[in-house]
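*Asks:* Questions regarding the structure given below will be posed in turn.
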Amino acid sequence: MSMKKFNRCAVAAVVFSMFCGYAQAGISLDRTRLIITEKDMSSSANLTNTSPEVPFLAQSWIEDANGQKITSPLVVLPPLQRINGGQKGIARVTKTDGISALPADRESLFYLNVREIPPKSDKPNVLQLAMQTRIKLFYRPTAIIPDKRSAVWQDQMVFEKRGSSMTAQNPTPYYITILGLSKGAGQKITDFPGIMVPPKSSLDFKVSDGGVSEFKMMYVNDYGGHPELTYRCSGNTCKALPPAQQG
């Protein structure tokens, strides 16, 4: 499975291709991931025009897990909106009739995209870039909605050591994003920027210390936070310490 980036990426839109230092702020989202459950009518991300004066258009759409643009079983409204300088907008994700075809025992992965469209510049020799934000969008069926907002399921992840590599085994019905493994005083033993392990599956990756006996896993929670869990190994199998021993 390919790694997914969380940062904003620049996509295309050259208006004039001359050297220029002209730049504008643009559209930003208030989160790095969005979750819509089977019980929700909709779920929203707030958009902000960080330019104090310049209006921008915000174009929004949804992609499936393969990066294909879709309008079912989820759709985002409005697909295009004008946000004046310093003002806010909303990208609202709603369900369509096709939502019932999604698995009922695990999460489904989508992506919410928002591309800013700047106004045409009235200055000569200006290079304009349309910035695009792409965040993960998860559909969570009723059967797996946690009882508590503070629930932690990432501690169910199990790691198997295999020489200079490890296998991350995810027995949960959730996508789990791992930012890295580290030992001692924050010494990383992985070199990836982030990997996402799908529900009820496993993923292999390289480590710099295959003999490590204890390490911390940094992951991304529902709110975009980066907490850590401590793992201890018995033989080649590494499991999270009980909650009382975490910290």
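*Asks:* Find how many whole Å separate the alpha carbon centroid of the stretch 66-101 from the alpha carbon centroid of the stretch 172-200.
*Replies:* 29 Å
*Asks:* Related question: What dipole magnitude, in Debye to the nearest 20, does the chain give about its Cα centre under +1 on Lys/Arg Cβ and -1 on Asp/Glu Cβ? If you can, show how the numbers build up before the last one.
*Replies:* Working: 29 positive and 20 negative charges, 38 e Å.
Rounded to the nearest 20 debye, it is 180 debye.
*Asks:* Once phi is turned into θ = phi - 60°, what whole-Hz ³J(HN,Hα) does the Karplus curve with 6.51, -1.76 and 1.60 give for every residue of the stretch 76-84, x standing for Gly and Pro?
*Replies:* 10, 10, x, x, 8, 8, 9, 10, 5
*Asks:* Roughly how many nanometres apart are two label points built 7 Å out from the Cα toward the Cβ at Phe192 and Asp97?
*Replies:* 3.9 nm
*Asks:* At 0.36 nm per residue, minus the direct Cα-Cα distance, what do Ser164 and Ser213 gain on full extension? Give it in nm, one decimal, please.
*Replies:* Working: separation 49, 0.36 × 49 = 17.64 nm, distance 1.36 nm.
Taking Ser164 through Ser213 to full extension adds about 16.3 nm, to one decimal.
*Asks:* For Ser202 and Trp153, compute 0.36 nm times the residue count separating them, minus their Cα-Cα distance, and round to one decimal in nm. Can you show the working numbers first?
*Replies:* Numbers: separation 49, 0.36 × 49 = 17.64 nm, distance 1.55 nm.
Using 0.36 nm per residue and subtracting the Cα-Cα distance, I get 16.1 nm.
*Asks:* Next question, about the same structure. Hey, any idea what % of the chain's accessible area is carbon plus sulfur with a 1.4 Å probe?
*Replies:* Values: 6780 of 12980 Å².
Percent of accessible area from carbon and sulfur atoms in the chain: 52.
*Asks:* Can you list residues from other chains, or at least 5 along the same chain, whose modelled amide H is less than 5 Å from the amide H of Leu47?
*Replies:* The answer is Gly89, Ile90, Ala91.
*Asks:* Which shape class, rounded, prolate or oblate, goes with the stretch 93-247 when its Cα gyration tensor gives a ≥ b ≥ c as root eigenvalues, a/c under 1.5 marks rounded, and past that a/b bigger than b/c marks prolate?
*Replies:* Working: a/c = 2.47, a/b = 1.46, b/c = 1.69.
Taking the square roots of the gyration eigenvalues as a ≥ b ≥ c, the stretch 93-247 is oblate.
*Asks:* Ok, one more. For the stretch 176-187, just list the computed ³J(HN,Hα) in residue order, Karplus coefficients 6.51, -1.76 and 1.60, θ = phi - 60°, integers in Hz, with x standing in for Gly and Pro.
*Replies:* My calculation for the stretch 176-187 gives 10, 9, 9, 8, x, 10, 9, 10, x, 8, x, 7 Hz in order.
*Asks:* Sticking with the crude label model, points 7 Å out along Cα→Cβ, report the distance from Asp105 to Asn84 in nm, one decimal please.
*Replies:* Each label point lies 7 Å from its Cα, and together they span 5.3 nm.
*Asks:* Same structure again: Using the per-residue mean of other Cβ atoms lying within 10 Å as a proxy for protection, in what order, highest first, do the peptides 66-72, 228-234, 109-115 fall?
*Replies:* With the highest mean Cβ count within 10 Å placed first, the list reads 109-115, 228-234, 66-72.
*Asks:* Once phi is turned into ³J(HN,Hα) by the Karplus curve 6.51 cos²θ - 1.76 cosθ + 1.60 with θ = phi - 60°, what whole-Hz value does each residue of the stretch 115-124 show in order, with x for glycine and proline?
*Replies:* 10, 8, 10, x, x, 5, 6, 9, 9, x
*Asks:* To continue, here is another question. Quick check: residue separation of Asn66 and Thr230 times 0.36 nm, minus the Cα distance between them. What number comes out in nm? Each step should come with its number before you reach the end.
*Replies:* Numbers: separation 164, 0.36 × 164 = 59.04 nm, distance 3.26 nm.
The span from Asn66 to Thr230 would gain 55.8 nm if fully extended.
The values are calculated or read from the model by the stated rules, or taken from the named source; none is laboratory data. What you see is a predicted model; the values in this text were computed from it and never measured. Reconstructed Cβ throughout: ideal geometry from the backbone, glycine too, with neighbour counts over all protein chains shown. Side chains are part of the model used for accessible areas, which takes the heavy atoms of the whole protein and leaves out ligands, DNA and RNA. Shrake-Rupley method; radii C 1.70, N 1.55, O 1.52, S 1.80 Å.
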